[in-house]
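Below is one structure; the comments refer to it alone.
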Amino acid sequence: MNVRNLGISFIAVVAAFGTWWIVSESGSVSPLFLPTPHAVWNAFLEIMRDGYKGSPLMTHIGESLKRLALAFAIALLTAIPLGLLSGYFAKVRAFVDPFIEFYRPLPPLAYYTLLVLWLGIGDSSKVALLALAAFAPLYLSVVSGVGKVPRDRINGARSLGAKDWDVFVHVIFPSTLPDLFTGIRTSIGMTYTTLVAAEMVAAVSGMGWMVLDASKFLRSDIIFVGIILMGLIAVLIDLLIRWLEHNRVPWKGKE
């Protein structure tokens, strides 16, 4: 993003913040529904100083990030190999696709109760829910990436003596990296949207739980704190992924 576009983004953020400040400070909207930026800042300082429900703020952030990291690691280790195989072998895709297409549109809460019955109310069911949310978009992106690999590139590698494993490692996988990184960014978004659902059952920590618990006591200032923190962390994660993409896939958009 060039400097001009960064300036436009900055102006948009400042305009949104200014609108929030004017509307909330004018008193036209109840603080219960729209707290002022000052109230949200004070709530943030309160949580930083005293924690929330007996746990420091960093504990809540750390618990959520731990669940996200474990779930996403599971998704990476399963969706990428299966996506490569499904994209290359039509029979594997025919076997896997019905299950992916069945569960992908389901709301997470629809099958979360089953995960709780099977895995208990601890972190296992929460990680499983987040991993399922991350799996489908990542898998579909890899399958799409394999489908875009030119056959001439694969045939050229085979004509030079490359075996199946060499074709996968040195031709197919690198060629899918642009779609893979797009899938990673999409998966992170899907995982984040599922975070509150994952932490709403028998949890006593996590950013999603903090937002949900604050809603029970009509603490909209704390809800705003949690949402803003989750959004900022998601932006930082996305910036990291985009930086990795820029460094590992320098040819994207230049083919």
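Values for this structure:
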item: Number of positions in the stretch 180-233 that are crowded, with 24+ Cβ neighbours inside 10 Å and without any contact (Cβ under 8 Å) to a residue 40 or more places away in the chain; result: 1
item: Long-range neighbours under 8 Å by Cβ, at least six apart or interchain, first residue under 14 Å from V171 (Cβ atoms) within the stretch 136-153, second of a type in the set (A, V, I, L, M) and modelled with pLDDT under 95; result: G145/L177; G145/L180; V146/L84; V146/I172; V149/V171; V149/I172; R153/V171
item: Conditions (1) within 30 Å of A202 (Cα to Cα); (2) out of contact with any helix residue (DSSP H, G or I) (no Cβ under 9 Å at 6 or more places or on another chain); (3) charged (D, E, K, R): number failed by R104; result: (2)
item: Single residue of the stretch 66-121 satisfying the filter (among the charged types (D, E, K, R), under 27 Å from V149 (Cβ atoms) and in a helix (DSSP H, G or I)) that is most open to solvent (accessible area, probe 1.4 Å); result: K91
item: Check on S175, open to solvent by less than 50 Å² (accessible area, probe 1.4 Å) and either touching a residue at least 60 places away in the same chain (Cβ under 8 Å) or not in a helix (DSSP H, G or I) (or both); result: no
item: Where a residue in the stretch 44-57 is in a helix (DSSP H, G or I) and its partner, wherever it lies, is open to solvent by 20 Å² or more (accessible area, probe 1.4 Å), with Cβ under 6 Å and at least six apart; result: L57/M48
item: Qualifying residue in the stretch 13-20 (condition: polar (S, T, N, Q), free of Cβ contacts under 8 Å to residues at least 12 places away in the same chain and either open to solvent by 50 Å² or more (accessible area, probe 1.4 Å) or assigned to a helix (DSSP H, G or I) (or both)); result: yes
item: Residue list for the stretch 67-85, restricted to those being under 17 Å from the mean Cα position of the chain (by Cα) and in contact (Cβ under 8 Å) with a residue 12 or more places away in the chain; result: R67, L68, L70, A71, F72, I74, A75, L76, T78, A79, I80
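The values are calculated or read from the model by the stated rules, or taken from the named source; none is laboratory data. What you see is a predicted model; the values in this text were computed from it and never measured. Counting neighbours? That spans all protein chains shown, and the Cβs are built from the backbone with ideal geometry, glycine included. Surface areas here come from the heavy atoms of the whole protein model, side chains and all, with no ligands, DNA or RNA. Shrake-Rupley method; radii C 1.70, N 1.55, O 1.52, S 1.80 Å.
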